[in-house]
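Participant: Dropping a structure here in structure tokens format, bear with me for questions.
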Amino acid sequence: MLCGVPLIDYYGPQGWGSQSPPLRQRQHVATDLIFAAIAADPAAQTAVLDVGCGDGSFLAHLASSAPDRDIRWIGIDYSEHQLARAAELPYEFHRCDLGDGLPFPDASIDLVHAGEVLEHLYDPDHLLEECARVLRPGGHLVITTPNLQAWYNRALFLAGVQPIFYETSTRSTEVGAGPLRRLKTDTMPVGHLRLFNRTALLDLLRREGFEPVTLRGAGFHGVPSSMAWLDAAMCRRPSLASILVVLAVKR
């Protein structure tokens with residue numbers, strides 16, 4: 001329960017289905033940054049935590065990319081349904097309400113990945129504070145989150161249409177969508193509470209004890225195929241990209 005509102009498991013059997021989707025571009029970009037951090041300090045990267053791990057498929061992808069490394073792969077999530085599927089994998093998983101903090105000792109983790117998590121939280125500051133607590137000095141954080149000022153959102157604002165990724169209603173994403181309603185194949189909200197642009201994300205990271213090292217852009221799989229080329233081109237300027245992907249180091 002959060003501020004009188006029950007927490008919702010959007011990954012439950014009534015939600016996003018039972019099949020793991022293919023890796024998104026943001027996850028490939030995050031993978032590059034994660035292994036760049038590991039390569040920069042190979043002796044220290046022995047514990048990697050995936051916050052919001054879902055069914056563990058991204059953690060499995062990371063582990064398969066480093067089969068010869070002795071790394072403790074850890075995943076945490078709120079969804080019992082997804083964690084039941086993750087339990088089939090040979091890694092360490094924990095159920096966790098992020099509002100209660102991360103269930104790990106201080107300075108016990110070398111790298112934290114939080115993919116598409118911050119935007120779902122009432123208190124993203126608290127999660128980043130907890131990430132800083134569990135990371136060793138000099139540890140790394142990789143974040144991915146939707147960009148409020150993506151190239152198409154800038155145009156939608158001017159047209160008086162609710163920006164993509166932003167949810168006003170807890171029942172339908174059609175609220176505020178205007179002419180975009182006809183393009184929506186799924187109207188179930190996914191629980192976005194906070195959205196960031198480039199400046200806000202970097203400011204928040206610095207406020208919570210991190211120094212951003214690398215900022216990359218990634219595309220959004222929901223962009224119509226006819227505009228995918230433009231979405232890909234905008235990734236060259238992260239401030240215009242659909243998804244922000246950042247590597248930061250704990251100060």
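Participant: Tally up the residues in the stretch 56-70 that are touching a helix residue (DSSP H, G or I) at 6+ places or on another chain (Cβ under 9 Å) and at pLDDT below 95, please.
Facilitator: 3
Participant: Considering (1) surrounded by fewer than 16 Cβ atoms within 10 Å (Cβ to Cβ); (2) part of a helix (DSSP H, G or I); (3) not hydrophobic (A, V, I, L, M, F, W, C), say which one Thr187 fails and leave the rest.
Facilitator: Just one mismatch for Thr187, condition (2).
Participant: Then there is this: Of the residues Leu183, Leu215, which is within 28 Å of Asp32 (Cβ to Cβ), in contact (Cβ under 8 Å) with a residue 24 or more places away in the chain and not aromatic (Phe, Trp, Tyr)?
Facilitator: Unique residue meeting the criteria: Leu215.
Participant: Shifting gears a bit: Residues that are hydrophobic (A, V, I, L, M, F, W, C) and either touching a residue at least 40 places away in the same chain (Cβ under 8 Å) or surrounded by 22 or more Cβ atoms within 10 Å (Cβ to Cβ) (or both): list the strands (runs of 3 or more DSSP E) wholly contained in the stretch 85-169 that include at least 3 such residues.
Facilitator: Strands (runs of 3 or more DSSP E) meeting the threshold: 109-115, 135-146.
Participant: Within the stretch 42-74, which residues are loosely packed, with under 14 Cβ neighbours inside 10 Å and among the small types (Gly, Ala, Ser)?
Facilitator: Ala43, Ser64, Ser65
Participant: For Thr199, all conditions in the list (1) at pLDDT 90 or above; (2) touching a Phe, Trp or Tyr at 6+ places or on another chain (Cβ under 9 Å) hold save one; what is the number of the exception?
Facilitator: (2)
Participant: Continuing with the same structure: Tally time: how many residues in the stretch 196-240 are under 15 Å from the mean Cα position of the chain (by Cα), in a loop (DSSP other than H, G, I, E, B) and more than 19 Å from Leu127 (Cβ to Cβ)?
Facilitator: Number satisfying all stated conditions: 3.
Participant: From the list Gly176, Gly219, Gly209, pick out the single residue that is more than 16 Å from Leu244 (Cβ to Cβ), at pLDDT 90 or above, surrounded by 15 or more Cβ atoms within 10 Å (Cβ to Cβ) and not acidic (Asp, Glu).
Facilitator: One residue alone meets the criteria, Gly209.
Participant: Can I ask one more? Among the listed residues Asp125, Asp106, which satisfies the condition of being acidic (Asp, Glu) and within 15 Å of the chain's Cα centre (by Cα)?
Facilitator: Asp125
Participant: Moving on to the next point. Kindly provide the set of residues from the stretch 43-84 that are in a helix (DSSP H, G or I) and in contact with a strand residue (DSSP E or B) (Cβ under 8 Å, 6 or more places away or on another chain), ordered by number.
Facilitator: Phe58, Leu59, Leu62, Ala63, Glu80, Leu83
Participant: For Leu193, which of the numbered conditions (1) hydrophobic (A, V, I, L, M, F, W, C); (2) part of a helix (DSSP H, G or I); (3) within 19 Å of Leu121 (Cβ to Cβ) fails to hold?
Facilitator: The single condition Leu193 does not satisfy is (2).
The values are calculated or read from the model by the stated rules, or taken from the named source; none is laboratory data. What you are looking at is a predicted structure, and each value in this text was computed from that prediction instead of being measured. With ideal geometry, Cβ positions are generated from the backbone for all residues, glycine too; neighbour counts draw on all protein chains shown.
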